[in-house]
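The values are calculated or read from the model by the stated rules, or taken from the named source; none is laboratory data. All of these numbers come straight from a predicted model, not from anything done at the bench. Every residue, glycine among them, receives a Cβ derived from its backbone with ideal geometry; neighbour counts consider all protein chains shown.
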2 protein chains.
Amino acid sequence: MRVVSLFGRRPKRVDVPRLKPRREAQANINRVDFAELTPEPIAYLGQAAYLQLAIFETLTHAVAAAPTTGAKETLSRVAGLSLAKHQALVAELTRRGKDSGEIMAPYAERIDHYARVTAGADWYETLVTSYVTSGLLDDFYRSLAGGLPGETALRVGAIFSGADGHDLIIAELRSAIETNPRLASRLAMWGRRLVGDTLLIARSALSEQSHPDEARLEPVFTELIAAHTRRMDALGLTA
Amino acid sequence: MRVVSLFGRRPKRVDVPRLKPRREAQANINRVDFAELTPEPIAYLGQAAYLQLAIFETLTHAVAAAPTTGAKETLSRVAGLSLAKHQALVAELTRRGKDSGEIMAPYAERIDHYARVTAGADWYETLVTSYVTSGLLDDFYRSLAGGLPGETALRVGAIFSGADGHDLIIAELRSAIETNPRLASRLAMWGRRLVGDTLLIARSALSEQSHPDEARLEPVFTELIAAHTRRMDALGLTA
(Lines give C-alpha, C1' and ligand atoms only; values in the text may rest on other atoms or scores of the structure.)
Protein backbone atom coordinates (compact mmCIF):
# COMPACT_ATOMS: atom_id res chain seq x y z
CA MET A 1 0.00 0.00 0.00
CA ARG A 2 1.50 3.28 -1.08
CA VAL A 3 0.85 6.61 0.59
CA VAL A 4 -0.23 8.92 -2.18
CA SER A 5 1.94 11.99 -2.23
CA LEU A 6 1.07 14.92 -4.41
CA PHE A 7 4.45 16.52 -4.25
CA GLY A 8 7.15 14.12 -3.20
CA ARG A 9 8.94 12.18 -5.87
CA ARG A 10 10.29 9.94 -3.11
CA PRO A 11 7.05 8.87 -1.43
CA LYS A 12 8.96 6.31 0.62
CA ARG A 13 10.27 9.19 2.70
CA VAL A 14 6.84 10.50 3.69
CA ASP A 15 6.87 9.96 7.41
CA VAL A 16 3.17 9.56 8.12
CA PRO A 17 1.88 6.28 9.56
CA ARG A 18 1.29 3.85 6.70
CA LEU A 19 -2.11 2.57 7.75
CA LYS A 20 -4.24 5.60 8.32
CA PRO A 21 -7.12 5.38 5.85
CA ARG A 22 -8.54 8.83 6.62
CA ARG A 23 -5.26 10.51 5.78
CA GLU A 24 -4.88 8.54 2.59
CA ALA A 25 -8.38 9.31 1.46
CA GLN A 26 -7.66 12.97 2.07
CA ALA A 27 -4.57 12.86 -0.16
CA ASN A 28 -6.69 11.40 -2.97
CA ILE A 29 -9.20 14.16 -2.58
CA ASN A 30 -6.42 16.71 -2.76
CA ARG A 31 -5.20 15.26 -6.01
CA VAL A 32 -8.63 15.67 -7.54
CA ASP A 33 -9.16 19.13 -6.12
CA PHE A 34 -5.78 20.31 -7.22
CA ALA A 35 -6.40 19.63 -10.90
CA GLU A 36 -9.54 21.78 -10.59
CA LEU A 37 -7.35 24.66 -9.48
CA THR A 38 -5.24 24.54 -12.65
CA PRO A 39 -5.63 27.75 -14.64
CA GLU A 40 -6.26 27.56 -18.38
CA PRO A 41 -3.20 26.25 -20.27
CA ILE A 42 -1.90 29.54 -21.68
CA ALA A 43 -1.95 31.23 -18.28
CA TYR A 44 -0.35 28.18 -16.69
CA LEU A 45 2.42 28.02 -19.30
CA GLY A 46 3.09 31.76 -19.29
CA GLN A 47 3.48 31.97 -15.51
CA ALA A 48 5.44 28.74 -15.23
CA ALA A 49 7.77 29.74 -18.09
CA TYR A 50 8.49 33.14 -16.60
CA LEU A 51 9.08 31.67 -13.15
CA GLN A 52 11.60 29.25 -14.63
CA LEU A 53 13.30 32.16 -16.33
CA ALA A 54 13.48 33.92 -12.95
CA ILE A 55 14.93 30.80 -11.32
CA PHE A 56 17.45 30.62 -14.16
CA GLU A 57 18.42 34.25 -13.51
CA THR A 58 18.90 33.58 -9.80
CA LEU A 59 21.16 30.67 -10.75
CA THR A 60 23.18 32.91 -13.05
CA HIS A 61 23.85 35.20 -10.06
CA ALA A 62 25.13 32.09 -8.30
CA VAL A 63 27.31 31.30 -11.33
CA ALA A 64 28.73 34.84 -11.27
CA ALA A 65 29.39 34.82 -7.51
CA ALA A 66 30.78 31.28 -7.27
CA PRO A 67 33.88 31.13 -5.04
CA THR A 68 35.82 28.70 -7.27
CA THR A 69 35.91 27.83 -10.95
CA GLY A 70 34.72 24.33 -9.99
CA ALA A 71 31.66 25.74 -8.23
CA LYS A 72 31.08 28.12 -11.14
CA GLU A 73 31.14 25.21 -13.56
CA THR A 74 28.75 23.19 -11.39
CA LEU A 75 26.29 26.06 -11.05
CA SER A 76 26.38 26.70 -14.77
CA ARG A 77 25.20 23.11 -15.26
CA VAL A 78 22.31 23.63 -12.84
CA ALA A 79 21.46 26.88 -14.62
CA GLY A 80 21.43 25.01 -17.91
CA LEU A 81 18.87 22.52 -16.57
CA SER A 82 16.65 25.36 -15.41
CA LEU A 83 16.97 27.12 -18.75
CA ALA A 84 16.02 23.89 -20.52
CA LYS A 85 12.81 23.73 -18.47
CA HIS A 86 12.01 27.30 -19.38
CA GLN A 87 12.62 26.57 -23.06
CA ALA A 88 10.45 23.46 -22.96
CA LEU A 89 7.58 25.52 -21.50
CA VAL A 90 8.10 28.21 -24.14
CA ALA A 91 8.00 25.48 -26.79
CA GLU A 92 4.53 24.52 -25.51
CA LEU A 93 3.40 28.12 -26.03
CA THR A 94 4.97 28.23 -29.50
CA ARG A 95 3.24 24.96 -30.36
CA ARG A 96 -0.03 26.74 -29.60
CA GLY A 97 0.92 29.58 -31.91
CA LYS A 98 1.57 32.02 -29.07
CA ASP A 99 4.27 34.66 -28.74
CA SER A 100 5.88 33.62 -25.47
CA GLY A 101 7.18 37.11 -24.71
CA GLU A 102 3.66 38.54 -24.90
CA ILE A 103 2.13 35.73 -22.88
CA MET A 104 4.72 36.01 -20.11
CA ALA A 105 4.58 39.82 -19.92
CA PRO A 106 1.62 40.16 -17.50
CA TYR A 107 3.43 38.01 -14.91
CA ALA A 108 6.80 39.74 -15.17
CA GLU A 109 6.35 42.51 -12.61
CA ARG A 110 5.14 40.32 -9.77
CA ILE A 111 7.70 37.59 -10.44
CA ASP A 112 10.57 40.08 -10.87
CA HIS A 113 9.66 41.54 -7.49
CA TYR A 114 9.59 38.05 -5.99
CA ALA A 115 13.01 37.27 -7.51
CA ARG A 116 14.42 40.52 -6.09
CA VAL A 117 13.28 39.95 -2.51
CA THR A 118 14.45 36.32 -2.57
CA ALA A 119 17.82 36.98 -4.27
CA GLY A 120 19.88 36.41 -1.11
CA ALA A 121 22.71 38.43 0.42
CA ASP A 122 25.58 36.22 -0.71
CA TRP A 123 26.44 33.13 -2.70
CA TYR A 124 25.23 30.69 -0.04
CA GLU A 125 21.84 32.33 0.34
CA THR A 126 21.46 32.51 -3.44
CA LEU A 127 22.18 28.78 -3.66
CA VAL A 128 19.57 28.06 -0.99
CA THR A 129 17.12 30.25 -2.90
CA SER A 130 17.68 28.32 -6.13
CA TYR A 131 17.24 25.03 -4.34
CA VAL A 132 14.27 25.88 -2.12
CA THR A 133 12.26 27.93 -4.59
CA SER A 134 12.77 25.62 -7.58
CA GLY A 135 11.90 22.68 -5.33
CA LEU A 136 8.65 24.22 -4.10
CA LEU A 137 7.61 25.62 -7.46
CA ASP A 138 8.45 22.51 -9.50
CA ASP A 139 6.40 20.42 -7.05
CA PHE A 140 3.57 22.90 -7.32
CA TYR A 141 3.53 23.12 -11.10
CA ARG A 142 3.97 19.38 -11.52
CA SER A 143 0.84 18.83 -9.44
CA LEU A 144 -1.12 21.48 -11.32
CA ALA A 145 -0.05 19.91 -14.63
CA GLY A 146 -2.56 17.13 -13.98
CA GLY A 147 -5.33 19.63 -14.71
CA LEU A 148 -4.03 20.52 -18.16
CA PRO A 149 -5.84 19.05 -21.17
CA GLY A 150 -4.84 15.71 -22.71
CA GLU A 151 -1.28 15.22 -23.90
CA THR A 152 -0.23 18.59 -22.53
CA ALA A 153 -0.63 17.23 -19.00
CA LEU A 154 1.85 14.45 -19.74
CA ARG A 155 4.39 16.59 -21.56
CA VAL A 156 4.36 19.38 -18.98
CA GLY A 157 4.40 16.89 -16.11
CA ALA A 158 7.55 15.42 -17.68
CA ILE A 159 9.20 18.86 -17.88
CA PHE A 160 8.80 19.25 -14.12
CA SER A 161 10.00 15.72 -13.43
CA GLY A 162 13.30 16.13 -15.30
CA ALA A 163 16.76 16.61 -13.82
CA ASP A 164 16.87 19.60 -11.48
CA GLY A 165 20.53 19.59 -10.45
CA HIS A 166 19.54 19.57 -6.78
CA ASP A 167 22.11 16.87 -6.06
CA LEU A 168 24.82 19.30 -7.22
CA ILE A 169 23.48 22.16 -5.09
CA ILE A 170 23.19 19.88 -2.06
CA ALA A 171 26.82 18.82 -2.46
CA GLU A 172 28.00 22.44 -2.70
CA LEU A 173 25.98 23.56 0.32
CA ARG A 174 26.83 20.58 2.53
CA SER A 175 30.51 21.10 1.86
CA ALA A 176 30.20 24.84 2.58
CA ILE A 177 28.37 24.17 5.86
CA GLU A 178 30.97 21.57 6.84
CA THR A 179 33.76 24.08 6.27
CA ASN A 180 31.91 26.83 8.11
CA PRO A 181 29.33 25.40 10.56
CA ARG A 182 28.15 28.90 11.47
CA LEU A 183 26.46 29.04 8.06
CA ALA A 184 23.92 26.42 9.19
CA SER A 185 21.66 28.60 11.33
CA ARG A 186 21.76 31.53 8.91
CA LEU A 187 20.85 29.33 5.95
CA ALA A 188 18.13 27.52 7.92
CA MET A 189 16.60 30.90 8.74
CA TRP A 190 16.91 31.99 5.10
CA GLY A 191 15.16 28.79 4.01
CA ARG A 192 12.22 29.59 6.30
CA ARG A 193 12.15 33.14 5.02
CA LEU A 194 11.77 31.89 1.43
CA VAL A 195 8.78 29.64 2.02
CA GLY A 196 6.28 32.40 2.67
CA ASP A 197 7.01 34.43 -0.45
CA THR A 198 7.20 31.32 -2.59
CA LEU A 199 3.85 29.97 -1.42
CA LEU A 200 2.33 33.38 -2.10
CA ILE A 201 3.63 33.31 -5.67
CA ALA A 202 2.31 29.77 -6.05
CA ARG A 203 -1.06 30.84 -4.60
CA SER A 204 -1.31 33.67 -7.13
CA ALA A 205 -0.92 31.18 -9.98
CA LEU A 206 -4.08 29.23 -9.12
CA SER A 207 -7.16 29.59 -11.24
CA GLU A 208 -9.09 32.67 -10.21
CA GLN A 209 -12.34 31.23 -11.51
CA SER A 210 -12.31 28.39 -9.03
CA HIS A 211 -12.25 30.75 -6.02
CA PRO A 212 -10.67 28.06 -3.87
CA ASP A 213 -11.51 28.38 -0.26
CA GLU A 214 -8.55 28.33 2.09
CA ALA A 215 -9.72 25.19 3.88
CA ARG A 216 -9.43 23.25 0.62
CA LEU A 217 -6.02 24.67 -0.15
CA GLU A 218 -4.52 23.97 3.24
CA PRO A 219 -3.79 20.25 2.84
CA VAL A 220 -2.27 20.95 -0.58
CA PHE A 221 0.13 23.47 0.91
CA THR A 222 0.83 21.12 3.80
CA GLU A 223 2.15 18.63 1.25
CA LEU A 224 4.32 21.29 -0.38
CA ILE A 225 5.82 22.13 2.99
CA ALA A 226 6.42 18.47 3.84
CA ALA A 227 8.47 18.08 0.65
CA HIS A 228 10.29 21.30 1.51
CA THR A 229 11.14 19.90 4.95
CA ARG A 230 12.71 16.85 3.32
CA ARG A 231 14.79 19.10 1.10
CA MET A 232 16.09 21.07 4.09
CA ASP A 233 16.85 17.72 5.79
CA ALA A 234 18.99 16.81 2.83
CA LEU A 235 21.11 19.89 3.62
CA GLY A 236 21.30 18.87 7.27
CA LEU A 237 19.18 21.91 8.17
CA THR A 238 15.91 22.15 10.06
CA ALA A 239 13.03 23.61 8.11
CA MET B 1 37.50 29.81 -57.39
CA ARG B 2 36.94 30.43 -53.73
CA VAL B 3 38.81 32.93 -51.61
CA VAL B 4 40.12 30.99 -48.66
CA SER B 5 39.04 32.64 -45.46
CA LEU B 6 40.30 31.46 -42.13
CA PHE B 7 37.59 33.12 -40.15
CA GLY B 8 34.57 33.88 -42.23
CA ARG B 9 31.80 31.34 -42.51
CA ARG B 10 30.37 33.40 -45.34
CA PRO B 11 33.38 33.66 -47.64
CA LYS B 12 31.16 35.07 -50.40
CA ARG B 13 31.09 38.35 -48.44
CA VAL B 14 34.86 38.80 -48.36
CA ASP B 15 35.31 41.97 -50.37
CA VAL B 16 38.75 41.38 -51.82
CA PRO B 17 39.22 41.07 -55.58
CA ARG B 18 38.56 37.49 -56.61
CA LEU B 19 41.58 37.03 -58.81
CA LYS B 20 44.55 37.94 -56.71
CA PRO B 21 46.72 34.85 -56.43
CA ARG B 22 49.21 36.42 -54.02
CA ARG B 23 46.49 37.15 -51.48
CA GLU B 24 45.09 33.65 -51.78
CA ALA B 25 48.49 32.06 -51.33
CA GLN B 26 48.98 34.16 -48.22
CA ALA B 27 45.70 32.93 -46.70
CA ASN B 28 46.83 29.35 -47.20
CA ILE B 29 50.09 30.06 -45.46
CA ASN B 30 48.20 31.55 -42.54
CA ARG B 31 46.09 28.47 -42.21
CA VAL B 32 49.20 26.32 -41.81
CA ASP B 33 50.91 28.71 -39.46
CA PHE B 34 47.87 29.07 -37.30
CA ALA B 35 47.66 25.39 -36.43
CA GLU B 36 51.27 25.63 -35.24
CA LEU B 37 50.23 28.30 -32.76
CA THR B 38 47.65 26.00 -31.10
CA PRO B 39 48.56 25.35 -27.46
CA GLU B 40 48.45 21.80 -26.12
CA PRO B 41 44.87 20.46 -25.93
CA ILE B 42 44.29 20.81 -22.18
CA ALA B 43 45.38 24.45 -22.16
CA TYR B 44 43.32 25.14 -25.27
CA LEU B 45 40.19 23.51 -23.81
CA GLY B 46 40.57 25.12 -20.37
CA GLN B 47 40.93 28.62 -21.77
CA ALA B 48 38.25 28.20 -24.40
CA ALA B 49 35.80 26.68 -21.89
CA TYR B 50 36.30 29.48 -19.38
CA LEU B 51 35.95 32.12 -22.08
CA GLN B 52 32.64 30.58 -23.15
CA LEU B 53 31.51 30.66 -19.54
CA ALA B 54 32.43 34.35 -19.41
CA ILE B 55 30.49 35.00 -22.64
CA PHE B 56 27.54 33.11 -21.13
CA GLU B 57 27.73 35.32 -18.02
CA THR B 58 27.74 38.47 -20.14
CA LEU B 59 24.66 37.14 -21.92
CA THR B 60 22.95 36.49 -18.58
CA HIS B 61 23.46 40.19 -17.75
CA ALA B 62 21.71 40.91 -21.04
CA VAL B 63 18.90 38.52 -20.04
CA ALA B 64 18.52 40.30 -16.69
CA ALA B 65 18.54 43.80 -18.21
CA ALA B 66 16.30 43.05 -21.20
CA PRO B 67 13.70 45.80 -21.76
CA THR B 68 10.84 43.43 -22.62
CA THR B 69 9.89 39.85 -21.78
CA GLY B 70 10.23 39.07 -25.49
CA ALA B 71 13.81 40.33 -25.54
CA LYS B 72 14.51 38.49 -22.28
CA GLU B 73 13.25 35.27 -23.80
CA THR B 74 15.33 35.79 -26.95
CA LEU B 75 18.49 36.52 -24.98
CA SER B 76 17.95 33.47 -22.79
CA ARG B 77 18.00 31.38 -25.96
CA VAL B 78 21.30 32.92 -27.05
CA ALA B 79 22.68 32.36 -23.54
CA GLY B 80 21.63 28.72 -23.78
CA LEU B 81 23.60 28.27 -27.01
CA SER B 82 26.68 29.78 -25.40
CA LEU B 83 26.28 27.57 -22.32
CA ALA B 84 25.99 24.53 -24.58
CA LYS B 85 29.34 25.42 -26.16
CA HIS B 86 30.90 25.76 -22.75
CA GLN B 87 29.50 22.39 -21.71
CA ALA B 88 30.73 20.70 -24.88
CA LEU B 89 34.25 22.01 -24.19
CA VAL B 90 34.03 20.84 -20.57
CA ALA B 91 32.93 17.43 -21.86
CA GLU B 92 36.18 17.26 -23.86
CA LEU B 93 38.14 17.86 -20.65
CA THR B 94 36.08 15.26 -18.77
CA ARG B 95 36.67 12.78 -21.59
CA ARG B 96 40.39 13.23 -20.92
CA GLY B 97 39.85 12.54 -17.22
CA LYS B 98 40.39 16.17 -16.20
CA ASP B 99 38.58 18.19 -13.52
CA SER B 100 37.36 21.12 -15.59
CA GLY B 101 37.21 23.45 -12.58
CA GLU B 102 40.90 22.89 -11.86
CA ILE B 103 41.93 23.19 -15.47
CA MET B 104 40.02 26.45 -15.97
CA ALA B 105 41.22 28.04 -12.71
CA PRO B 106 44.54 29.49 -13.98
CA TYR B 107 42.68 31.45 -16.68
CA ALA B 108 39.91 32.79 -14.46
CA GLU B 109 41.53 35.98 -13.18
CA ARG B 110 42.59 37.31 -16.56
CA ILE B 111 39.32 36.39 -18.25
CA ASP B 112 37.18 37.73 -15.37
CA HIS B 113 39.02 41.02 -15.69
CA TYR B 114 38.42 41.02 -19.44
CA ALA B 115 34.71 40.30 -18.88
CA ARG B 116 34.48 43.17 -16.37
CA VAL B 117 36.03 45.80 -18.61
CA THR B 118 33.94 44.71 -21.60
CA ALA B 119 30.64 44.36 -19.71
CA GLY B 120 29.09 47.50 -21.22
CA ALA B 121 27.21 50.36 -19.59
CA ASP B 122 23.70 49.30 -20.57
CA TRP B 123 21.70 46.62 -22.29
CA TYR B 124 22.66 47.73 -25.81
CA GLU B 125 26.38 47.78 -25.12
CA THR B 126 26.14 44.38 -23.40
CA LEU B 127 24.41 42.98 -26.46
CA VAL B 128 27.14 44.36 -28.72
CA THR B 129 29.74 42.82 -26.38
CA SER B 130 28.13 39.39 -26.60
CA TYR B 131 27.96 39.62 -30.35
CA VAL B 132 31.38 41.10 -31.07
CA THR B 133 33.42 39.12 -28.54
CA SER B 134 31.79 35.76 -29.19
CA GLY B 135 32.20 36.41 -32.92
CA LEU B 136 35.91 37.20 -32.65
CA LEU B 137 36.68 34.46 -30.13
CA ASP B 138 34.70 31.72 -31.86
CA ASP B 139 36.49 32.53 -35.13
CA PHE B 140 39.79 32.48 -33.30
CA TYR B 141 39.25 29.18 -31.48
CA ARG B 142 37.74 27.52 -34.54
CA SER B 143 40.90 28.33 -36.48
CA LEU B 144 43.17 27.12 -33.67
CA ALA B 145 41.16 23.89 -33.44
CA GLY B 146 42.89 22.72 -36.62
CA GLY B 147 46.07 22.29 -34.61
CA LEU B 148 44.50 19.92 -32.07
CA PRO B 149 45.29 16.21 -32.39
CA GLY B 150 43.16 13.83 -34.50
CA GLU B 151 39.45 13.58 -33.79
CA THR B 152 39.61 16.36 -31.22
CA ALA B 153 40.23 18.85 -34.02
CA LEU B 154 37.00 17.81 -35.73
CA ARG B 155 34.85 17.71 -32.60
CA VAL B 156 36.09 21.03 -31.27
CA GLY B 157 35.86 22.63 -34.68
CA ALA B 158 32.22 21.54 -34.77
CA ILE B 159 31.56 23.13 -31.35
CA PHE B 160 32.68 26.50 -32.69
CA SER B 161 30.72 26.06 -35.91
CA GLY B 162 27.38 25.46 -34.15
CA ALA B 163 24.48 27.91 -33.79
CA ASP B 164 25.59 31.14 -32.13
CA GLY B 165 22.30 33.03 -31.94
CA HIS B 166 23.88 36.00 -33.72
CA ASP B 167 20.84 36.31 -35.98
CA LEU B 168 18.72 36.94 -32.86
CA ILE B 169 21.14 39.55 -31.48
CA ILE B 170 21.33 41.28 -34.86
CA ALA B 171 17.52 41.52 -35.00
CA GLU B 172 17.33 43.00 -31.47
CA LEU B 173 20.09 45.53 -32.15
CA ARG B 174 18.86 46.58 -35.58
CA SER B 175 15.41 47.19 -34.20
CA ALA B 176 16.83 49.17 -31.25
CA ILE B 177 18.95 51.31 -33.59
CA GLU B 178 15.96 51.89 -35.85
CA THR B 179 13.89 53.09 -32.90
CA ASN B 180 16.70 55.25 -31.58
CA PRO B 181 19.17 56.19 -34.35
CA ARG B 182 21.41 58.01 -31.87
CA LEU B 183 22.47 54.59 -30.55
CA ALA B 184 24.35 53.92 -33.79
CA SER B 185 27.43 56.03 -33.17
CA ARG B 186 27.72 55.02 -29.53
CA LEU B 187 27.48 51.32 -30.37
CA ALA B 188 29.90 51.64 -33.29
CA MET B 189 32.40 53.22 -30.91
CA TRP B 190 31.79 50.51 -28.33
CA GLY B 191 32.38 47.85 -30.98
CA ARG B 192 35.78 49.39 -31.77
CA ARG B 193 36.61 49.59 -28.10
CA LEU B 194 35.98 45.84 -27.71
CA VAL B 195 38.31 44.71 -30.47
CA GLY B 196 41.55 45.64 -28.72
CA ASP B 197 40.85 43.84 -25.46
CA THR B 198 39.45 40.82 -27.27
CA LEU B 199 42.47 40.45 -29.55
CA LEU B 200 44.73 40.72 -26.50
CA ILE B 201 42.84 37.89 -24.79
CA ALA B 202 43.07 35.87 -27.99
CA ARG B 203 46.80 36.63 -28.25
CA SER B 204 47.36 35.39 -24.70
CA ALA B 205 45.81 32.04 -25.60
CA LEU B 206 48.43 31.21 -28.23
CA SER B 207 51.09 28.64 -27.55
CA GLU B 208 53.93 30.20 -25.59
CA GLN B 209 56.38 27.64 -26.91
CA SER B 210 56.01 28.79 -30.45
CA HIS B 211 57.11 32.38 -29.64
CA PRO B 212 55.27 33.65 -32.68
CA ASP B 213 56.77 36.74 -34.12
CA GLU B 214 54.39 39.61 -34.65
CA ALA B 215 54.94 39.67 -38.39
CA ARG B 216 53.57 36.12 -38.67
CA LEU B 217 50.58 36.91 -36.48
CA GLU B 218 49.58 40.05 -38.29
CA PRO B 219 47.82 38.48 -41.29
CA VAL B 220 45.97 36.13 -38.94
CA PHE B 221 44.63 39.03 -36.93
CA THR B 222 43.86 40.90 -40.12
CA GLU B 223 41.47 38.04 -41.03
CA LEU B 224 39.84 38.21 -37.58
CA ILE B 225 39.25 41.92 -38.04
CA ALA B 226 37.84 41.45 -41.54
CA ALA B 227 35.23 39.04 -40.17
CA HIS B 228 34.52 41.51 -37.35
CA THR B 229 33.94 44.25 -39.94
CA ARG B 230 31.36 42.06 -41.67
CA ARG B 231 29.61 41.53 -38.34
CA MET B 232 29.43 45.27 -37.67
CA ASP B 233 28.12 45.71 -41.25
CA ALA B 234 25.30 43.32 -40.39
CA LEU B 235 24.28 45.76 -37.66
CA GLY B 236 24.44 48.65 -40.09
CA LEU B 237 27.42 50.04 -38.19
CA THR B 238 30.92 50.90 -39.36
CA ALA B 239 33.72 48.95 -37.71
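The figures follow:
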| quantity | calculated |
| --- | --- |
| Residue within the range B:216-231 that is assigned to a loop (DSSP other than H, G, I, E, B) and farther than 23 Å from B:TYR107 by Cα present | no |
| Criterion violated by B:LEU237 - all others in (1) out of contact with any Phe, Trp or Tyr (no Cβ under 7 Å at 6 or more places or on another chain); (2) not in a loop (DSSP other than H, G, I, E, B) satisfied | (2) |
| Count of residues meeting criterion [farther than 17 Å from A:GLN87 by Cα and of a type in the set (Val, Ile, Thr)] in the range A:133-164 | 1 |
| Selected residue (only one of A:ARG231, A:ARG203 is at pLDDT below 95 and within 27 Å of A:ARG116 (Cβ to Cβ)) | A:ARG203 |
| Among the candidates B:LEU83, B:LEU51, residue that is over 21 Å from A:ALA88 (Cβ atoms), touching a residue at least 12 places away in the same chain (Cβ under 8 Å) and not charged (D, E, K, R) | B:LEU51 |
| Meets criteria (buried (at least 20 other Cβ atoms within 10 Å of the Cβ) and not in a helix (DSSP H, G or I)) for A:ALA119 | no |
| Cross-chain or 6+ apart pairs with Cβ under 6 Å, the range B:150-174 first and on the phi < 0 side of the Ramachandran plot and surrounded by 18 or more Cβ atoms within 10 Å (Cβ to Cβ), then in a helix (DSSP H, G or I) and among the charged types (D, E, K, R) | B:ILE159/B:LYS85; B:PHE160/B:ASP138; B:PHE160/B:ARG142 |
| Sole exception among (1) in a helix (DSSP H, G or I); (2) closer than 25 Å to B:TYR141 by Cβ; (3) touching a Leu at 6+ places or on another chain (Cβ under 6 Å) for B:ALA188, by number | (2) |
| Given (1) over 22 Å from B:ASP112 (Cα atoms); (2) among the polar types (S, T, N, Q); (3) within 7 Å of another protein chain (Cβ to nearest Cβ), number of the condition B:THR94 does not satisfy | (3) |
| Of the criteria (1) in contact with a Leu (Cβ under 9 Å, 6 or more places away or on another chain); (2) closer than 21 Å to A:LEU235 by Cα; (3) not in a loop (DSSP other than H, G, I, E, B), which one A:ALA163 fails | (3) |
| Some residue of the range A:158-174 being of a type in the set (Lys, Arg) and under 20 Å from A:ALA43 (Cβ atoms) | no |
| Residue selected from the range A:55-86 under the condition of a type in the set (S, T, N, Q), within 7 Å of chain B (Cβ to nearest Cβ) and surrounded by 21 or more Cβ atoms within 10 Å (Cβ to Cβ), by the criterion farthest from the chain's Cα centre (by Cα) | A:THR69 |
| Only one of B:GLU57, B:GLU102 that is touching a residue at least 12 places away in the same chain (Cβ under 8 Å) and either over 20 Å from B:ASP138 (Cβ atoms) or assigned to a helix (DSSP H, G or I) (or both) | B:GLU57 |
| Considering residues of the range B:96-116 that are under 17 Å from the mean Cα position of the chain (by Cα) and of a type in the set (D, E, K, R) only, the residue surrounded by the most Cβ atoms within 10 Å (Cβ to Cβ) | B:ASP112 |
| Subset of the range B:193-207 (residues that are within 19 Å of B:THR126 (Cα to Cα) and surrounded by 19 or more Cβ atoms within 10 Å (Cβ to Cβ)) | B:LEU194, B:VAL195, B:THR198, B:ILE201 |
| Test: B:THR58 is more than 24 Å from B:ALA115 (Cα to Cα) and modelled with pLDDT of 95 or more | no |
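Each row is one residue, and each column tells you yes or no for (1) farther than 14 Å from B:ALA54 by Cα; (2) more than 10 Å from every other protein chain (Cβ to nearest Cβ).
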position: B:ASP99; (1), (2): yes, no
position: B:TYR114; (1), (2): no, yes
position: B:THR118; (1), (2): no, yes
position: B:GLU125; (1), (2): yes, yes
position: B:VAL128; (1), (2): yes, yes
position: B:SER134; (1), (2): no, yes
position: B:LEU144; (1), (2): yes, yes
